[in-house]
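The structure appears below as structure tokens.
The values are calculated or read from the model by the stated rules, or taken from the named source; none is laboratory data. Quick caveat, the model's predicted, so the values are computed rather than measured. Glycine also receives a Cβ, built like all others from the backbone with ideal geometry; neighbour counts cover every protein chain displayed.
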């Protein structure tokens, strides 16, 4: 893991929190004078993965293995947990007490899930956070290659970009009603992007 740019020394966090990890990514990946907002990137990914609900207890629709705001599957959760422990060793701080044998992240708080997410992105070789921060790849590609890691990446990247556009245009206003409708539509078998589009359209027509 290359943690710093040439000519600089790493400034390790004195404690592990989601914000200290996000700040560490910003310090060690961003171009000089152009800090990248990894917290905002994480929030966009969480909104996409959780269908705008941001619910840490969320279980994947249809009975799948994904859990929490980032929809970590058990194997991915264990990997992220190990990476967080490894980072604690590198930083010379204590591994969080809750970070023991994590596999079901729906039992964790949003803050704890954020910590796993950032640790995973700091350590994962396929999550090119430097290319993201430097503007060489879009967030959709970063998500597809370093988090989603599944088939049909180009199709999924387009879906992600539609979610991101909806966030930019609509924000999280009326998010509760919209997210509940998205949940219902996805349980009825609607694809994610279609469910989002229908729910937002219904909100704009005053039907929610």
Return yes or no: is residue 140 surrounded by 19 or more Cβ atoms within 10 Å (Cβ to Cβ), modelled with pLDDT of 95 or more and over 30 Å from residue 98 (Cβ atoms)? yes
If we scan the range 136-154, do we find a residue that is more than 17 Å from residue 49 (Cβ to Cβ), assigned to a helix (DSSP H, G or I) and more than 12 Å from the chain's Cα centre (by Cα)? yes
Residues of the range 184-195 being within 19 Å of residue 54 (Cβ to Cβ) and at pLDDT 70 or above, which ones? 184, 185, 186, 187, 195
Does residue 94 count as surrounded by fewer than 18 Cβ atoms within 10 Å (Cβ to Cβ) and either touching a strand residue (DSSP E or B) at 6+ places or on another chain (Cβ under 6 Å) or more than 24 Å from residue 196 (Cα to Cα) (or both)? yes
